[in-house]
Amino acid sequence: MFGGYCGNYEVFTDTSYLVKKEPDRCFEPSLHGGLDNLYHFHPNSTVVLTVRDVNDWVSSINHFGGLGGHVKEKCRNFFPWQPNTVTDDDLARFYRDHIEFVRGFMREHPSLTYLEVSLESEETGTIMENHFGISRKCWGRSNENKKVRRGGK
């Protein structure tokens, strides 16, 4: 449950993590059964996929506390096509494949409501407000690193 000035809501969030017993394996809930379980137990749920430009995503994880290096080194199961060193191109492929996987899953499970929004759009807050009835002021950016934004902004 999330609470605060924006209200109280039940939310499942898809957060990857390292599998401690398998040092070269990470767990990504949406890719490893999370969507199946969500559908099985909550077949009328809403799934929100937040997307962004793939190059901005790669840049972001590379500059967020060394996350890019960690993923490249520790999450080998995310890159089955790459037997050697994982590159930024591999990260980009993983990101695009992940988005397509979620989109495909949603097409195959029409009882789920699917909302795809852009992290980079100024309209995202309004879209979320229109869909959920929660003020657009509650949908903001955090961890924004203005120094790294593409285009020098």
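The values are calculated or read from the model by the stated rules, or taken from the named source; none is laboratory data. Nothing here was measured: the structure is a model prediction, and the numbers come from that model. Neighbour counts run over all protein chains shown; Cβ positions are idealised from the backbone, glycine included.
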>> Let me spell it out: the conditions are (1) closer than 30 Å to SER135 by Cβ; (2) at pLDDT 90 or above; (3) out of contact with any helix residue (DSSP H, G or I) (no Cβ under 8 Å at 6 or more places or on another chain), and PHE2 meets all of them except one. Which number is the exception?
In response: (2)
>> If ASP53 meets every condition in (1) at pLDDT 85 or above; (2) closer than 18 Å to ARG96 by Cβ; (3) touching a strand residue (DSSP E or B) at 6+ places or on another chain (Cβ under 7 Å) apart from one, which number is that one?
In response: (3)
> Hey, among the residues in the stretch 17-57 that are polar (S, T, N, Q) and part of a strand (DSSP E or B), which one's nearest to PHE78 (Cα to Cα)?
Replying inline: THR50
> Which residues, counting only those in the stretch 90-145, are in contact with a Lys or Arg (Cβ under 7 Å, 6 or more places away or on another chain), assigned to a helix (DSSP H, G or I) and either surrounded by fewer than 16 Cβ atoms within 10 Å (Cβ to Cβ) or among the basic types (Lys, Arg) (or both)?
Replying inline: THR126, GLU129
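This table checks each residue for (1) within 26 Å of ILE134 (Cα to Cα); (2) polar (S, T, N, Q); (3) under 15 Å from the mean Cα position of the chain (by Cα).
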| site | (1), (2), (3) |
| --- | --- |
| PRO80 | no, no, no |
| PRO83 | no, no, no |
| LEU91 | no, no, yes |
| PHE101 | no, no, yes |
| HIS109 | yes, no, no |
| TYR114 | yes, no, yes |
| SER118 | yes, yes, yes |
> Looking only at residues in the stretch 20-44 that are crowded, with 16+ Cβ neighbours inside 10 Å and modelled with pLDDT of 90 or more, which one is nearest to GLY104 (Cα to Cα)?
Replying inline: LEU35
